[in-house]
Each structure stands twice: as C-alpha cells, then as structure tokens.
1. Pull up segment 97-133, narrow it to residues that are among the small types (G, A, S) and open to solvent by 40 Å² or more (accessible area, probe 1.4 Å), then point me to the one that is nearest to L190 (Cα to Cα).
2. Within segment 9-29, how many residues turn out to be under 13 Å from A59 (Cβ atoms), assigned to a helix (DSSP H, G or I) and without any contact (Cβ under 8 Å) to a residue 60 or more places away in the chain?
3. Residue under question is G259, and the condition is that it be open to solvent by 20 Å² or more (accessible area, probe 1.4 Å), touching a residue at least 12 places away in the same chain (Cβ under 8 Å), touching a strand residue (DSSP E or B) at 6+ places or on another chain (Cβ under 8 Å) and not in a strand (DSSP E or B); does it hold?
4. I'd like to check something: does segment 188-204 contain any residue that is touching a Phe, Trp or Tyr at 6+ places or on another chain (Cβ under 7 Å), surrounded by fewer than 18 Cβ atoms within 10 Å (Cβ to Cβ) and either in a loop (DSSP other than H, G, I, E, B) or at pLDDT 95 or above (or both)?
5. For segment 367-387, what are the residues that are open to solvent by 90 Å² or more (accessible area, probe 1.4 Å) and outside any helix (DSSP H, G or I)?
6. Restricting attention to segment 134-161, which residues are without any contact (Cβ under 8 Å) to a residue 40 or more places away in the chain and either open to solvent by less than 30 Å² (accessible area, probe 1.4 Å) or in contact with a helix residue (DSSP H, G or I) (Cβ under 7 Å, 6 or more places away or on another chain) (or both)?
7. What residue, of F24, F44, is touching a strand residue (DSSP E or B) at 6+ places or on another chain (Cβ under 8 Å), of a type outside the set (V, I, T), surrounded by fewer than 18 Cβ atoms within 10 Å (Cβ to Cβ) and modelled with pLDDT of 95 or more?
8. Would you mention how many residues in segment 281-311 are without any contact (Cβ under 8 Å) to a residue 40 or more places away in the chain and either open to solvent by less than 10 Å² (accessible area, probe 1.4 Å) or more than 16 Å from the chain's Cα centre (by Cα) (or both)?
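The values are calculated or read from the model by the stated rules, or taken from the named source; none is laboratory data. It should be emphasised that the depicted structure is a prediction, and the values quoted were computed from it without experimental measurement. So basically every Cβ, Gly included, is an ideal-geometry build from the backbone, and we count neighbours across all protein chains shown. We work out accessible area using only protein heavy atoms, side chains counted, and drop any ligands, DNA or RNA first. Shrake-Rupley method; radii C 1.70, N 1.55, O 1.52, S 1.80 Å.
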Amino acid sequence: MTFHIKTIGNNIDQIALAEVEAPFVVNEVEEDQADAFICRAQPFHNYTFSKKLLAIGRAGAGFNNIPIERCAQEGIVVFNAPGGNANAVKELVLGMMIFGTRNLEQANQWLRAQTGTDEEIDQRVEEAKKVFSGSELAGKTLGVIGLGNIGSRVANDARRLGMKVLGYDPYLSIEHAWNLSHHVKRVHQLTELLQKSDYITVHMPATPETQGLLNWANLSQCKKGVILLNYARDEISNKKDILRAIDAGIVKFFGTDFGSECFNNCAQVFLTPHLGGSTKEAGLNCTRMALDSVQTYLQTGEIINAVNFPRVTQELLSPYRITLINKNVPNVVAQISMAVAKENINIANIVNRGQGDYAYTLLDLDEQDEEKIKALIERFSKADNVVRVRLIKNKRGM
C-alpha cells in the first residue's frame, strides 16, 4: 500500500522530503487525495478537509494555524515537532541576554557615526567606551518561566555560563524534569522568581493562564534594571505594561520575537521577526520529526507527538490492527470488546487512551479470516460514538 503525503505552503525542508522512502511518496497527488499533509505556518482554519485526510504534520512546535478541535471531530490527527527548534531558540535567547547586557546596539551606532582617521577614532573610543560598559552573566540570576524543551536547555546552559538559575513551571513533566540540571532551583511561586532575577525569560505556550503574564502586576515586583525576554508567544506580553515598566526603570532591556508598532520608538526594546526557530538545522529537524510521526501513524496507527490525541503506542504483532477514533464516553472499551466477541474474534491486545472529548484505540486481533475482519469494520463504522475506523494489515504477522 502506498501512502501519499502532500506539502502545503512554503518553507518545508527539501532535504527531509528527499529522505522519504516507500511506501510513502510526496506530492504525487492533489490535496483532496492525500493521506497526510506536512505544513508550517499555512492557515487551515477556513480549510475544508477531505474525508481521505488522516493526519497533519506541523513542522514546528506551534499549531495555532490548525483547527485542532475540528480536526479531532473529523478524525484527523494533528502532529507537531516539540523540541525540533529548541536548540535554535535557546541560542538566540542566550545571545540576546548578552546583547541586552553589553549595550551592543548603542555602542555600534555610536562607533559607526565616528569620522576621521583610525587613530582619531581609537582615541575617542578610549574616552567614550565607559559609557557603553555592561555587566557579565556569570554570578547573575536568571529566572526561567517554563521548563519544557526550550526552557530547560536555556536553564542548563545558563548554569554552564556561571549563572544562578531559578525555574518556575507548575506543569513540569517528568521527562523534562529528568533533563533539567540539579543545580537549577525550582521555585513554586512566580513571585520569588520575579523578585530575585536579574534576567527573566519566558518559555510557555499561549494559554488563558499565560496570556498577558508579562503585565504590570508581575513586572512591578521585578528588580530595577531587569533584562526581560519573550521568545515564546506574543500573547504572553502585555505591551503597554512592558513600556510602563521600561519608563519606570524596572525593565532595562526587552527582547522579543514579535513586532508591534507600539515598540518602534523605544530604544530599549529589540525586535526580531520570528527568528527563534529560523535556522536551517531547526527547519530540517522539525520537518524530520513531523514526517516521522506522520509516517508512523499511517503505517502502524501509533500516535506520537500529537496535539489533539493522546500518545498511544503498541508493537504490531498480530495479523490485523483496527484503529478507532471515538468519542470519550463511558464503557467504550466494553462496547468494543462486545463487538469483537459477536464476530467470534479473539483480541490479542487493546490500548485505549482518552484526551478531552475524544479517545483513541489500538485493537490488535488474533484472526486470519478477512471476512470476519470486514464484518467487524462494518459494525464499528455504524457505531454512534465512532468517528473514524482504520484497518492496518501486518504482512509480517500473516
């Protein structure tokens, strides 16, 4: 069986696409005939998905361009690439910490304005350089809000630069906790981090809880002269309150990856146009991760790195596997078992995981009779709570 993957939009890494091998092919069919999409920032909120579409792979961490709830309703699994651009963002954040501390932009502008011989300019430099003197990172305290793929890397490398690091993340996963240096001190109250940090960087997703997190109520608790960075999501910044904190002398420098006209005339704000994950390496990593997740799902039904369905993995050893996307209601597993029993089929393995309003089931069957399997598929297809049914044949197990 051949699976058709279609790229939608621009900036999809061509090296990663060239690595795709059979039974997968890329861009050989029209969009309405594709089994899966690979995309970056292409907007899909007004897009009509074909019933053939099984998956969307977002070659990046963010997915606000995709209607993930509607995709779940239509039985489309949406994957992203968490951590694929983490190193790129980390390096930019560390660079901006130095940039904001050492007054590099002002020093560069002053030096470019000097005229005369090199000897004359050098003499003026010796007299003026003290105006641009900054401070070192070593010995200072960095506060990292959000300790996921990016935040944990920033925290660990800041420790290697000789900084004291405070981390705040009420939703820290076990996986990311293991990756965090034991020298990073976790705080349980955001207030403690705000009051003690010389540098603050935010690495949290945009949620109702984090929207406007960088507001006056929080910024007014910070040290005077704090270096503030937001290379996560624009919604986290309350722009008026940040400007107020700059005027009050609380924020010395604000670096962010998101532009706004209100910042254009503020010399203490440095804007970059979404450059955090914009490296060749990050583009390649993210596209590879998205492709790997999509290909695994198409071939085995296993779900890894999905944003609208839970992680579900199980080695395929039986002749047939049925995957079910169903509404997350009581007694679904019992109903599935009863349906299988009515066709006189033995269940080899079953895994069911729920997330929100929907759940996903891997059902491995110890059965060789294809007619029985077809009857079971038909039974599931008519069930009220089932959104999508797929049959996967295991050639090695037959």
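1. Taking segment 97-133 as the starting set, the residues that turn out to be among the small types (G, A, S) are 100, 107, 113, 116, 128, 133.
Next, from what is left, pick out any that are open to solvent by 40 Å² or more (accessible area, probe 1.4 Å): 113, 116, 133.
On the way: A113: 43, G116: 52, S133: 31 Å.
That would be S133.
2. Of the residues in segment 9-29, 1 are under 13 Å from A59 (Cβ atoms), assigned to a helix (DSSP H, G or I) and without any contact (Cβ under 8 Å) to a residue 60 or more places away in the chain.
3. On the way: open to solvent by 20 Å² or more (accessible area, probe 1.4 Å): yes; touching a residue at least 12 places away in the same chain (Cβ under 8 Å): yes; touching a strand residue (DSSP E or B) at 6+ places or on another chain (Cβ under 8 Å): yes; not in a strand (DSSP E or B): yes.
For G259, the condition - open to solvent by 20 Å² or more (accessible area, probe 1.4 Å), touching a residue at least 12 places away in the same chain (Cβ under 8 Å), touching a strand residue (DSSP E or B) at 6+ places or on another chain (Cβ under 8 Å) and not in a strand (DSSP E or B) - is met.
4. Yes, there is a match, as at least one residue in segment 188-204 is touching a Phe, Trp or Tyr at 6+ places or on another chain (Cβ under 7 Å), surrounded by fewer than 18 Cβ atoms within 10 Å (Cβ to Cβ) and either in a loop (DSSP other than H, G, I, E, B) or at pLDDT 95 or above (or both).
5. Those that are open to solvent by 90 Å² or more (accessible area, probe 1.4 Å) and outside any helix (DSSP H, G or I): Q368, K382, D384.
6. G134, S135, S152, A155, N156
7. On inspection, the qualifying residue turns out to be F24.
8. Taking segment 281-311 as the starting set, the residues that turn out to be without any contact (Cβ under 8 Å) to a residue 40 or more places away in the chain are 292, 296.
From what's left, either open to solvent by less than 10 Å² (accessible area, probe 1.4 Å) or more than 16 Å from the chain's Cα centre (by Cα) (or both): 296.
Total meeting the criteria: 1.
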